[in-house]
There are 2 protein chains.
Amino acid sequence: MTYYYEFVYPEGEFPVKAKIHSVDEIELHWHKQVEFILVLEGTVNIRLGQKKYLLQTGDFIFVNSNEVHNTFKTEEQNLLLAVQINPAFYAFIYPNFTDFYFDCNSFGQNDAVLHRHANIRKYLARISWEISRRQTGFRSRIGSYLFLLAGELIAFPFYNKADLDNAISDEDLNRLQRITNYIEQHLHRKLTLQEIGEEEHLSYYYLSHFIKDKMGISFQEYLKKTRMQRAVELLLSSEKA
Amino acid sequence: MTYYYEFVYPEGEFPVKAKIHSVDEIELHWHKQVEFILVLEGTVNIRLGQKKYLLQTGDFIFVNSNEVHNTFKTEEQNLLLAVQINPAFYAFIYPNFTDFYFDCNSFGQNDAVLHRHANIRKYLARISWEISRRQTGFRSRIGSYLFLLAGELIAFPFYNKADLDNAISDEDLNRLQRITNYIEQHLHRKLTLQEIGEEEHLSYYYLSHFIKDKMGISFQEYLKKTRMQRAVELLLSSEKA
């Protein structure tokens with residue numbers, strides 16, 4: 001069962017949110033906010049676009065703006081810190097921040113990057129601490145840490161999104177949203193890729209590759225997974241009733 | 001003679017500029033940017049609104065957004081550091097930043113504030129250093145220092161501008177701009193407050209108080225000062241020709 005360990009959200013338009021939680025599985029999703037996910041305890045699987053990673057305790061991964069991702073548990077329990085940042089916060093200092101795709105995670109283990117990893121963990125921890133404590137001056141300290149964090153982030157490899165084959169456009173995101181909504185609404189009956197292709201005026205072949213490319217899993221896998229999850233939800237809610 | 005010791009401006013829409021310079025006199029002016037003025041050497045007079053201050057070496061003063069101010073020399077030479085910040089930079093963290101008037105300077109000397117003064121000097125120095133050096137990571141460090149600086153600023157007394165009698169509105173600023181332009185254009189002939197009052201459809205009495213309130217000096221003083229400066233400029237340029 002997914003349970004939320006702690007929620008620490010500042011009010012209003014604050015540019016950063018921090019959440020400490022345990023996950024069974026978080027569905028494939030995407031958001032404008034960039035996100036750092038740091039494993040505090042246990043291990044967890046994370047899928048980013050088409051790549052799947054196993055994160056150990058202490059590992060972190062950076063999720064770019066609108067990058068499709070999901071999180072699912074391993075055999076072990078997990079405790080994750082998720083820090084979401086509004087990329088517009090960085091616009092004055094890094095005008096092109098959202099034009100770039102950052103390949104930032106803790107998997108490299110050479111000495112040159114280990115201190116960067118340590119810094120990122122430290123800033124994530126301090127930002128979360130300041131958000132939850134809200135003691136005098138926390139806003140200025142959070143603003144300061146957010147920039148120190150960005151300074152470490154941009155030292156990782158990054159690419160112009162325009163140069164990336166599998167970059168996801170707003171149009172792609174809207175299409176993905178329509179497709180996942182359609183699947184949600186028609187889960188209870190036979191559902192084929194042809195049918196969705198007709199809805200979207202796309203060929204079977206194109207749509208099949210589109211889903212695999214953008215979501216990282218095939219249509220059939222996604223359908224099976226979503227039905228499974230719906231079934232579990234129904235069983236749990238019928239127990240309660 | 002006014003001379004510029006060093007100009008260090010980052011390009012583009014960078015939210016902060018730093019300038020190290022010596023002044024004879026800088027005319028009454030105002031700008032959207034907030035500004036810290038720090039005296040590096042010597043002493044200097046600064047007029048902020050209706051108040052006049054004598055700043056010693058090490059002193060600093062904060063100029064609020066659109067606050068009318070000018071700087072003029074004492075008997076001594078001076079060397080000033082001016083750091084101008086776009087207040088929009090702070091909007092994500094302090095949504096109401098520009099609604100407040102900050103009364104921030106180094107004149108108080110009790111122990112409780114001395115470390116704050118030291119911090120402000122330190123952050124101003126580091127920001128200027130980073131701007132001029134532009135070494136790897138300078139953007140993130142500047143962003144970080146800008147927030148630490150704001151954290152010290154907001155620990156000084158501040159007031160809601162709406163509650164201040166002498167707060168200056170956009171309308172006031174436009175009127176001031178029209179008045180100073182008019183004076184500039186008609187410096188060479190007899191110029192009376194009545195004439196400007198007619199231009200602005202304001203009574204002599206109201207206009208007289210308006211100028212004194214918003215600019216900190218009387219119409220006659222301003223006129224005399226501006227003519228003096230124009231005369232000096234003419235003499236200097238005729239020497240060159």
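Listed values, structure above:
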quantity	calculated
Semi-axis lengths (Å, descending) of the ellipsoid that matches the C-alpha gyration tensor of region B:170-236	21, 12, 11
Threshold 30 Å² - residues in region B:140-185 whose accessible area is reduced by that much or more when the chain is no longer isolated, probe 1.4 Å	B:S140, B:S144, B:F147, B:L148
Region A:21-72, accessible area per residue, ligands and nucleic acids excluded (1.4 Å, Å²)	33 Å²
Cα-based helix-to-principal-axis angle, A:138-153 vs chain A, degrees rounded to 10	70 degrees
Note, ³J(HN,Hα) from phi for region A:176-184, Karplus 6.51, -1.76, 1.60, rounded to Hz, x at Gly and Pro	4, 4, 4, 5, 5, 4, 4, 4, 3
Chain B, helix-only ellipticity at 222 nm - DSSP H runs n ≥ 4, -39,500 (n - 2.57), divided by all residues, nearest 500	-13500 deg cm²/dmol
Dipole-positive endmost among A:F210, B:H117, A:S65 within the protein assembly as shown (Cβ charges, Cα centre)	B:H117
Total accessible area lost when B and A pair, probe 1.4 Å, Å² to nearest 100	1600 Å²
Chain A, closest residue to the rotation axis toward B, by beta-carbon, whole angstrom	A:S144, 2
Inter-copy separations for A:A231, label at 7 Å along Cα-Cβ, nm, ascending	9.7
Cα→Cβ-extended label distance, 7 Å offset, between A:F107 and B:R126, nm	3.4 nm
Position B:E200, label points 7 Å along Cα→Cβ, spacing to each other copy in nm (shortest first, one decimal)	6.4
For region B:39-80: span of alpha carbons on each principal axis (Å, largest first)	27, 16, 11
Region A:38-53 - phi-based ³J(HN,Hα) in whole Hz, Karplus 6.51/-1.76/1.60, Gly and Pro as x	10, 7, 7, 8, x, 9, 7, 9, 10, 10, 10, x, 9, 9, 10, 10
Of all accessible heavy-atom area on region B:70-112, the percent that carbon and sulfur account for (1.4 Å)	49 percent
Rounded FRET efficiency, nearest 0.05, which uses the C-beta distance separating A:L114 from A:Q220 and R0 of 56 Å	0.85
Neighbour net charge for B:G197 - beta-carbon separation under 13 angstrom, K R +1, D E -1	-2
For region A:83-130: rounded, prolate or oblate by the Cα gyration tensor [a/c cutoff 1.5]	oblate
Check: the protein assembly as shown dipole with +1 on Lys, Arg Cβ and -1 on Asp, Glu Cβ, in debye	640 debye
Cα gyration tensor, region A:3-163 - rounded (a/c under 1.5), prolate or oblate	rounded
The protein assembly as shown - convex hull of the alpha-carbon atoms, volume per residue in Å³	239 Å³
Inter-copy spacing of A:Y159 label points, which lie 7 Å from Cα along Cα→Cβ, given in nm from shortest upward	5.7
Listed residue pairs exceeding 32 Å between alpha carbons, taken from A:K122/A:K212; A:K51/B:K17; A:K19/B:K122; A:K17/B:K17; A:K161/B:K122	A:K122/A:K212; A:K51/B:K17; A:K19/B:K122; A:K161/B:K122
Charged-residue dipole, Cβ positions (Lys, Arg, Asp, Glu), chain B about Cα centre, Debye nearest 20	540 debye
Accessible area per residue in Å² at 1.4 Å probe, computed on region B:108-210	57 Å²
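The values are calculated or read from the model by the stated rules, or taken from the named source; none is laboratory data. The structure presented is a predicted model; accordingly, all values stated were derived computationally and were not measured. Glycine gets a Cβ as well: all are built from the backbone with ideal geometry, and neighbour counts include every protein chain shown. Heavy atoms of the whole protein, side chains included, go into the accessibility calculation; ligands, DNA and RNA do not. Shrake-Rupley method; radii C 1.70, N 1.55, O 1.52, S 1.80 Å.
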